1. To the nearest 20 Debye, how big is the dipole of the stretch 228-274 about its Cα centre, given +1 on the beta carbon of each Lys and Arg and -1 on that of each Asp and Glu?
2. Between Asn346 and Thr299, take the C-beta separation as r, use R0 = 25 Å, and let me know the FRET efficiency to the nearest 0.05.
3. Viscosity 1.002 mPa s, temperature 20 °C: give me the Stokes-Einstein translational D for the chain in µm²/s, with Rh taken as the Kirkwood radius over C-alpha pairs.
4. Once the convex hull of the C-alpha atoms of the stretch 285-391 is built, how many Å³ does it hold per residue, rounded to a whole number?
5. Residues with amide H under 5 Å of Glu183's amide H, sequence separation 5 or more or different chain, H placed in the peptide plane at 1.01 Å from N; which?
6. In whole Å, how far is the Cα centre of the stretch 28-85 from that of the stretch 100-169?
7. Contour minus end-to-end for Ala387 and Tyr261, with contour as 0.36 nm per residue of separation and end-to-end as the Cα-Cα distance?
8. Which percent of Cα pairs goes in each bin when the distances of the stretch 99-173 are cut into 5 angstrom slices starting at zero?
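All of the numbers you see were taken from the coordinates with simple rules; none came from a lab. For clarity, every value in this text was computed on a predicted model and none was experimentally measured. Here Cβ is always computed from backbone atoms with ideal geometry, including for glycine, and neighbour counts include all displayed protein chains.
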Amino acid sequence: MSNKNPKTDFIKTALGQRHHEYRFRSLTPVKPILGTSRVIRDGKEVINFCSNDYLGLSSHPKVIERSKEFAENYGAGSGSSRLVSGTLDIHQSLEEKLADTFGLEAVLVFNSGFQANASILSSLADRSSLILADKKCHNSLIQGALLSRADFKRFNHNDLNNLEVLLKTASNKDYNRIWVVSETVFSMDGDLNDIEGLIKLSEKYGALLYSDDAHALGVLGEKGLGLNYRKEGIDLSLGTFGKAFGSFGAFAGCSSETKDYLINFCPGFIYTTALPPAIIGALDAALELIPEMESERETLHSNIQYLIRGLKGLGFKTGDTESQIIPVIIGSEEEAMNLSNYLEENGIWASAIRPPTVEKDASRIRITITLNHKKEELDQLLKALIAWKER
Ligand SMILES: Cc1ncc(COP(=O)(O)O)c(C=O)c1O
C-alpha cells in the first residue's frame, strides 16, 4: 500500500509524534526458555523482568499436561459462543470449581481481562448512572466506563476522602446507580488499594463496588486467592487468568442474578467464541495448584522484599509498591528508554513504561518478580542498576 495516500496522513503524523516524544511502541518477539526466567530476545539470552506469569505456572508440567488432555478430549476450539453451542461441560465445571474455591455465589468466565472489564462495566451502567474510578485504574476499566455512556469521574489515586466528596455530591443528583471502581493491586505501581475502606464507603452511599483483583490472584491474600477473597460487599469481583494463572482469560465473581444478567446483556460475553479446551484444561490445573503453593509464595515474597530493599538502598524511587510489581520511577520518557536499553545490553529485559500508560514525568522501568527468578538474578539486576547510576 502506498505511503503517499493523503487520506492516511493522520497515521504518519501520529506515529511521527510518538517517535518525537520517545513514546513509540513496537513489538519484539521472544522465545521463552521454559521453567526459567530467561527468554531469547534478538538472538540473545536475557533475564525477563517483565512477565506477569508470577508463579511460573505457564510452564508447570501439570498445567501443560491438563491442557493437552483437554485438547485431546475436546478438540482445539469450542466451536461457537457460549450461548450457541460453545458451552462445553468443561466450561461449566471450571466455573463451578472457581466459585467453590473462591467462595463466590457464581462465576462467569470471559475471554480476557480486557474484554471482561470493557464489556461488563459498560453493561452494568447506562446514561443515567455514575461511575467513579480510581485515577490509576487499568485502561480496560476506563474503556468500560466510556462505553457505558454513564457520567464518568476519576477520584485521586487511593484517596478515599476525595471519593467521599464525589459520592456526597452525587447523592444530590438523580443517578439510577453509582459504581465505584478500583484495583486491589495497581498494575503499573504495585501498590494496594484499601479494599475494606472502599467497601465501607460504597455501603455508606449505597454505591455498587467493582474490584479488579488481576494482580493479587496467586500472589496475595489467604492461599493466594487474592485480596477480594472472602470480602463481603464487592458486587463484581474481577479475576484474570493471563497473569499468575499462567494462561489466558478472566472471570467475574458475582451473585447468580448478576451472572444471569451478564449472560443476557453483556456483549463481550455473548458475541464471542468460548475459550478453547486447551485453555480450560490449563486453568483447571492452575486452580488446583495455586492454593497449595504457600511455601513458593513465601519465597516469592522474600525475594520481593529483598529487591525493594535493594532498590531503595540504591536511592531508586519505587513508589508505594507492596507487591511483585516494582516500578523504578525515572521521570522522562527518554531516560526511561535509555535505562531499559542499558539493561538489555547487560542481559536484563525490563521494559520502559511511558505515558499515556503512566502519567507525564513518571516514566519508569516496571519490574516484575516471578517464582522463576533466582536470588543471583536479582543481584544481577541490582548490579546493573548501580553501574547505570555510576556510568
Ligand atoms: C488490572 C488489570 N485488569 C485487567 C487487565 C487485562 O487483563 P488481560 O491481560 O487478561 O486482558 C490487566 C492487564 O494488564 C490489568 O492489569
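1. That gives a dipole near 240 debye.
2. Details: r = 25 Å, r/R0 = 1.00.
After rounding to 0.05, the efficiency reads 0.50.
3. 96 µm²/s
4. Output value, Cα hull per residue: 117 Å³.
5. Long-range HN contacts for Glu183: Asp212.
6. 29 Å
7. Values: separation 126, 0.36 × 126 = 45.36 nm, distance 5.56 nm.
Value of the extension gain: 39.8 nm.
8. Answer for the stretch 99-173: a P(r) of 3, 15, 20, 19, 20, 13, 8, 2, 0 percent.
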